[in-house]
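A short worksheet on the structure shown next.
The values are calculated or read from the model by the stated rules, or taken from the named source; none is laboratory data. Because the structure is predicted, anything quoted here is derived from the model rather than measured. FYI the Cβ positions are ideal-geometry reconstructions off the backbone, even for glycines, and counts take in every protein chain you see. Just so you know, the surface numbers come from the protein's heavy atoms only, side chains and all, with ligands and any DNA or RNA stripped out. Shrake-Rupley method; radii C 1.70, N 1.55, O 1.52, S 1.80 Å.
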Amino acid sequence: QVQLVESGGGSVQAGGSLRLSCAASKYTEYTDCMGWFRQAPGKEREGVAAIYTSIYISGSTYYADSVKGRFTISKDNAKNTLYLQMNSLKPEDTAMYYCAAAGWRACSSNYWSIESKYNYWGQGTQVTVSS
């Protein structure tokens, strides 16, 4: 089993930055693809970004159109930790952010943003952006 623990959420003003972290308890075949999802009250959970890396290679990244150019996803394979650097934050970025992990099959253009493709989920960390 894999445990995911998010950190780094908080409250910031519009235009500010936050860096989210997600530490995986161990490396397995189900941590090669890792992503960030978010859910705001009254809205469906949506994929924010995902990244494929492994102990062998660095792979592709994927971003929702709404965050492209502002957010950067990365992973430190040595620490088995996922990051989301969020810059130029907007009030509409306010949501609970969840870290998720899956095997390599999830990290594709068709599947990266689909919840059901991920095997493990963190507890979430709240991001609040005020205007």
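For the reader, a short list of remarks on this structure follows.
- Cα pair distances in the chain, grouped into 5 Å bins until the bin that holds the longest one, percent each: 2, 12, 23, 26, 20, 11, 5, 1, 0
- With the highest mean first, a sort of the peptides 26-36, 58-68 on other beta-carbon atoms found within 10 angstrom per residue produces 26-36, 58-68.
- Phi-based couplings in Hz for the stretch 53-60 (Karplus 6.51, -1.76, 1.60; Gly and Pro marked x): 9, 8, 5, 9, 9, 9, x, 8
- Binned Cα-Cα distances of the stretch 18-92, short to long, each 10 Å bin given as a whole percent: 18, 50, 26, 5, 0
- Percentage relative contact order, the chain, counting C-alpha pairs under 8 Å, at least six apart: 36
- Taking Cα centre as origin and charging only the Cβ of basic (Lys, Arg, +1) and acidic (Asp, Glu, -1) residues, the dipole magnitude of the chain rounds to 120 debye.
- When only alpha carbons are used to place a centre, the stretch 35-103 and the stretch 107-123 end up 11 Å from one another.
- The aspartates and glutamates within cross-link reach of LYS43, meaning a Cα-to-Cα straight distance under 18 Å and a gap of 8 or more places when in the same chain, are ASP65, GLU92, ASP93, GLU115.
- Protein heavy-atom accessible surface, 1.4 Å probe, per residue over the chain: 51 Å².
- Computed over the stretch 67-106: relative contact order in percent, which uses C-alpha pairs under 8 Å that are six or more apart: 30
- Gyration tensor (alpha-carbon) shape descriptor, the stretch 55-96, a/c threshold 1.5: prolate
- Here the accessible area of the stretch 7-92 is 46 percent carbon and sulfur, with a 1.4 angstrom probe and all protein chains present.
- Convex hull projection area averaged over all views, the stretch 58-131, Cα basis, nm²: 5.6
- Nearby lysines by direct alpha-carbon distance to LYS75 (threshold 26 angstrom, same-chain neighbours under 8 apart not counted): LYS26, LYS90, LYS117
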